[in-house]
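Here is the structure we will look at.
No lab work stands behind these numbers, since they all come straight from the coordinates. For clarity, every value in this text was computed on a predicted model and none was experimentally measured. All Cβ positions, glycine included, derive from the backbone under ideal geometry; neighbour counts span all protein chains shown.
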Amino acid sequence: MNVSIGSASKTIQNRIVYDQELVVKLQRGDQWAFQLLVRRFRRRIFSIAYGITLDARESRDVMQDVFLQAYRRIGEFNGDSSLPTWLQRLTVNRCLNWKRRWTRRLKRGQVSLDRGSAAPRKTLDCDRPSSDNRLAKAQTCQQIDRALRKLPEPIRAVFVLKELERLSYEEIAQTIGIKVKTARSRLFQARKRLKATLLSPLKEN
Amino acid sequence: MPHARPICCDDRPLDRFLDGELDAEDRHPIKDHLMNCPECRRQAVAMLSFAKRFRERVRQAADSVDFVACEKEVLIKALRQRRFRTSSSAVSTSLKYVIPALLTVGLVLFFIISSCSWMVPTI
């Protein structure tokens with residue numbers, strides 16, 4: 001047990017040293033270091049963005065913007081927070097950017113109007129019901145999306161950091177730049193609204 | 001008929017329990033409560049199951065992305081950005097010297113012209 005804890009802390013320590021080395025190389029303008037950064041964090045950043053935006057194309061754009069912003073602003077990184085925290089912060093800020101939010105809302109409005117005319121829509125695998133299994137999966141996906149869309153985006157961002165990144169209240173507060181109390185309260189709001197959405201059909205039945 | 005929830009049930013400690021934010025000491029009363037309160041148990045199970053399905057949903061979405069193509073695109077854009085920055089910084093550096101030099105020349109000319117006009121006798 002002690003051995004496994006020791007090796008885990010050693011791994012974390014190695015990762016921190018590795019992150020610091022990566023930052024130094026990036027600040028020197030090393031192209032390979034940038035490629036390494038992208039390769040290492042691309043899936044993680046996409047996942048956070050997808051959790052907040054619930055749109056694959058939008059999340060890809062956010063991911064690219066975050067890396068380009070990181071590349072541009074790596075000189076400003078002073079090590080106050082860890083590299084993953086800094087990238088998480090850039091991602092959340094990018095997703096909650098007011099211009100992007102409005103574009104998303106307008107697009108969503110457009111999509112809901114288009115659905116009436118049966119316009120083709122780009123879908124994920126789980127949105128394509130070709131068998132019973134897929135139909136069930138698609139229903140689950142829709143149910144999740146519907147429940148999450150009911151959450152305002154700043155609240156959704158806190159929920160995403162908690163559930164996907166498994167951050168503590170303090171880490172969430174540090175990442176988003178809010179008080180710990182606010183982070184806790186937003187998470188509480190998220191759960192309350194989700195419970196209301198998820199459990200109400202059950203109660204009706 | 002929906003289950004009536006006892007008034008003593010408070011969501012906040014339950015949420016903190018689910019988030020793993022409680023000490024071992026504070027966890028026990030919540031565990032006991034969950035054993036005895038079917039409604040709280042139902043809500044806890046629903047939230048845990050939702051979180052699991054949400055993670056699965058995001059994983060599926062990430063699986064359908066061509067990250068290699070994305071990486072290539074980002075690298076190309078970053079290189080372009082770097083080239084633009086290098087060229088624009090060269091221009092801005094040169095402007096940093098050219099503008100004060102022009103201003104100095106202008107001031108010197110202004111003083112020369114004004115002193116010359118002062119020296120010309122008025123009729």
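The mean count of C-beta atoms from other chains within 10 Å of the C-beta of residues in B:43-56, rounded to a whole number, is 4. Within the straight-line cut-off of under 15 Å between alpha carbons, the aspartates and glutamates reachable from A:LYS179 are A:GLU170, A:GLU171, sequence neighbours fewer than 8 places apart in one chain being disregarded. Here the calculated FRET efficiency for A:LEU36 and B:PHE110, from their Cβ-Cβ distance with R0 = 51 Å, stands at 0.35, rounded to the nearest 0.05. I'd like the FRET efficiency for B:ALA90 and A:GLN69, computed as 1/(1 + (r/R0)^6) with the beta carbon distance as r and R0 of 22 Å, rounded to 0.05. Calculated transfer efficiency: 0.45.
By the beta-carbon count within 10 Å of each Cβ, the least crowded to most crowded order of A:TYR50, B:TYR97, A:TYR18, A:TYR169, fewest first, is B:TYR97, A:TYR18, A:TYR169, A:TYR50. The Kirkwood radius of chain B, taken over pairs of alpha-carbon atoms, gives through the Stokes-Einstein law at 25 °C and 0.890 mPa s a diffusion coefficient of 107 µm² s⁻¹. Which entries of B:LYS31/B:LYS52; A:LYS137/A:LYS162; A:LYS150/B:LYS77 have Cα-Cα distances beyond 28 Å here? With Cα atoms farther than 28 Å apart: A:LYS150/B:LYS77. Inter-part distance, the stretch A:153-180 to the stretch B:21-87, computed on C-alpha centroids, equals 11 Å. The simple spin-label model puts a point 7 Å past each Cα toward its Cβ; for B:LEU102 and B:ARG59 those points are separated by 6.2 nm. With neighbours defined as other Cβ atoms within 10 Å of a residue's Cβ, the residues A:ILE144, A:ILE172, A:ILE52 order from fewest to most as A:ILE144, A:ILE172, A:ILE52. Can you tell which of B:VAL68, B:PHE54, B:CYS40 lies farthest toward the positive end of the dipole of the stretch B:33-123, using +1 and -1 charges on the Cβ of basic and acidic side chains (Lys, Arg; Asp, Glu)? Value: B:CYS40. Counting neighbouring beta carbons within 10 Å and listing from fewest to most, the residues B:PHE67, A:PHE34 come out as B:PHE67, A:PHE34.
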